[in-house]
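Shown next, in structure tokens, is the structure this report addresses.
The values are calculated or read from the model by the stated rules, or taken from the named source; none is laboratory data. Just so we're clear, the structure is a prediction, and the values are computed from it rather than from any experiment. The area values use the complete protein model at the heavy-atom level, side chains included, leaving out ligands, DNA and RNA. Shrake-Rupley method; radii C 1.70, N 1.55, O 1.52, S 1.80 Å.
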Amino acid sequence: MFKPITLSWLMLAALCVGAMAPSADGNEGVRLEITEWDLPFDGGRARDPWVDAEGQVWFVGQQTHYVGRFTPESGEFERFPLADGTGPHTVITDEQGVWYAGNRAAHIGLLDPASGAIETFAPPGDGRRDVHSMAFDGDGNIWFTEQGGNRIGHFDPRRQAFTMHEISRAWARPYGIVVHDDQPWIALFGTHRLATVKGGEVREIALPRAEARPRRLDVASDGRVWYGDYATGHIGRYDPDGGEVKEWPAPSGARSLPYAVVMDGEDRFWIVETGVRPNRFVAFDTREETWSEAFEIPSGGGSVRHMVYDPARDAIWFGTDENTLGRAELQ
């Protein structure tokens with residue numbers, strides 16, 4: 001049984017107040033205050049944070065195999081070691097505990113923070129590998145992607161039962177996933193397609209440009225699906241009702257490399273441009289169709305791979321390849 005390692009770490013790595021001039025396109029009220037904390041754990045690549053009901057921030061250390069917890073009020077970090085070779089990717093929490101994607105070890109894990117005990121669940125099939133990103137539906141079931149396994153999975157924790165959906169297109173690379181109204185939406189990073197599962201069947205949506213490569217995505221309050229095109233520096237919107245796709249170039253164009261994306265409470269679609277140094281946040285107002293000014297990440301970011309919006313505190317949490325945990329508070 002693994003035991004947590006607890007450290008108190010109050011040092012702020014950097015603080016940046018987003019006091020930039022209004023955007024020429026509009027979107028004048030958007031400002032960010034970005035704070036980063038240096039992690040007291042070796043290994044780099046802190047990633048994929050998740051905010052629980054108490055406001056604690058969970059994240060994973062992919063390269064050195066741990067689940068981390070950060071309490072913003074006290075500045076305390078805790079480290080929960082995982083088995084060597086786990087390579088954790090995503091983390092999400094519910095009343096049962098802390099769920100993580102064992103990316104390199106091909107399993108979904110459940111951590112009990114009180115004891116450090118871990119239970120693992122392996123998807124069926126000889127080809128299982130690369131358990132990647134996860135999201136809950138309204139019943140507490142977990143939808144997840146297998147990038148290397150070329151599958152979309154559904155896991156019922158109560159029955160401990162998997163349902164796997166194969167992608168017929170070779171090397172489609174199902175990557176980012178979000179669940180809206182109990183329907184999963186997936187970015188097929190190896191193609192110019194999005195996907196969903198409806199009625200037990202995988203349905204693919206072709207994007208208008210063959211060179212597009214959607215990596216992560218989110219859904220606005222009106223049910224429209226927004227994605228970042230990592231390959232060519234665009235964002236796009238898919239309307240499930242009419243089937244229309246519309247795209248816009250990111251501010252940095254082809255060098256933007258939009259990786260982490262998230263929708264905030266005002267239906268602004270935030271991306272992190274990882275192709276520029278330092279990495280920077282920029283928001284697209286999905287109602288006005290205008291871009292905000294850019295907000296640079298103090299540490300540089302390296303690559304911000306995933307982020308999450310905390311509606312209770314109107315803030316975006318992110319991890320960086322510079323081994324920092326960050327919070328971008330909307331002003």
For segment 202-211, in residue order, the Karplus 3J(HN,Hα) values (coefficients 6.51, -1.76, 1.60; θ = phi - 60°; whole Hz; Gly and Pro = x) are 7, 10, 9, 10, 7, 8, x, 10, 5, 7
Taking a probe of 1.4 Å and leaving out DNA, RNA and ligands, segment 70-114 shows per residue an accessible area in Å² of 32
Where only protein heavy atoms count, and the probe is 1.4 Å, what is the accessible area per residue for segment 229-331 in Å²? 35
What do you get when you divide the Cα radius of gyration of the chain by 2.2 N^0.38 Å, with N the number of residues? 0.94
Would you kindly derive the ³J(HN,Hα) couplings of segment 316-331 from the backbone phi angles with the Karplus curve 6.51 cos²θ - 1.76 cosθ + 1.60 (θ = phi - 60°), listing them in order in whole Hz, with x for Gly and Pro? 10, 9, 8, x, 10, 6, 8, 6, 10, 10, x, 10, 10, 8, 7, 10
